[in-house]
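Participant: Let me begin by handing over the structure; questions about it come next.
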Amino acid sequence: MSEPARAETRPPVAARVGVLEIFLTFLAIGATSFGGGVVAYLRNSLVTKKKWLDDEGFLAALEISQALPGLNATNMSVIVGDRLRGIPGAVAGFIGITLPGAIIVFVLALCYASNSGNAAVNAVLKGVGAASVGLLLAVTLQIGHKQLEHYLDMILVAVTLVLVSFVHVPLLYVLLTVGPIAVLLYRPRSLKPDTSGLDKKPLD
């Protein structure tokens, strides 16, 4: 595909977003987000502050990220970076979001190795875990209603929840069964033209 054609397919905001800004944005997300709460940070930065995505675009990118191997956050950084600036943007987003975590985890691993039996350290980790659950609940309430508008959505969510959380079916098996069913149920249906009146002869 030629460069003019690629430029036309990208969103208008891409012309105003630099690679450095993409890197710094995801660097800040990677440096300030904790655990599963990174989804809330991503939405707050990409949708609320930067307005690079709307809720629908964020959900679409998140769904693709969850379907791909790897961490949701890194997948999101690549998807959004590519959407804004192509391959340079994807690379900048990926490096930005992974660099803080790599450095922090390395330092914390050294500290935890020498303080693993400290009750205060364990209490802090439990507190961070509880905060992550709260952040996930908040972002679920903010954007989840857009995905739960029909009874069929609720049924699919309930089936997935029961299979994973209570029946303890491996997530891969659930994706390979519930996923195709959901795609089949939501596939586009072609509308057949109404030909019922074509065979009728006009009255004289």
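Participant: Mind checking the alpha-carbon convex hull of region 148-188 and giving the volume per residue in Å³?
Facilitator: Measuring per residue, one finds 59 Å³ for the Cα hull of region 148-188.
Participant: May I ask for the Kirkwood hydrodynamic radius of region 3-145, worked out over all distinct Cα pairs and given in angstroms to one decimal?
Facilitator: Radius from the Kirkwood sum: 16.2 Å.
Every number here is computed from the coordinates shown, using simple stated rules; none is lab data. In this text, all values refer to a predicted model and were calculated from it rather than measured experimentally.
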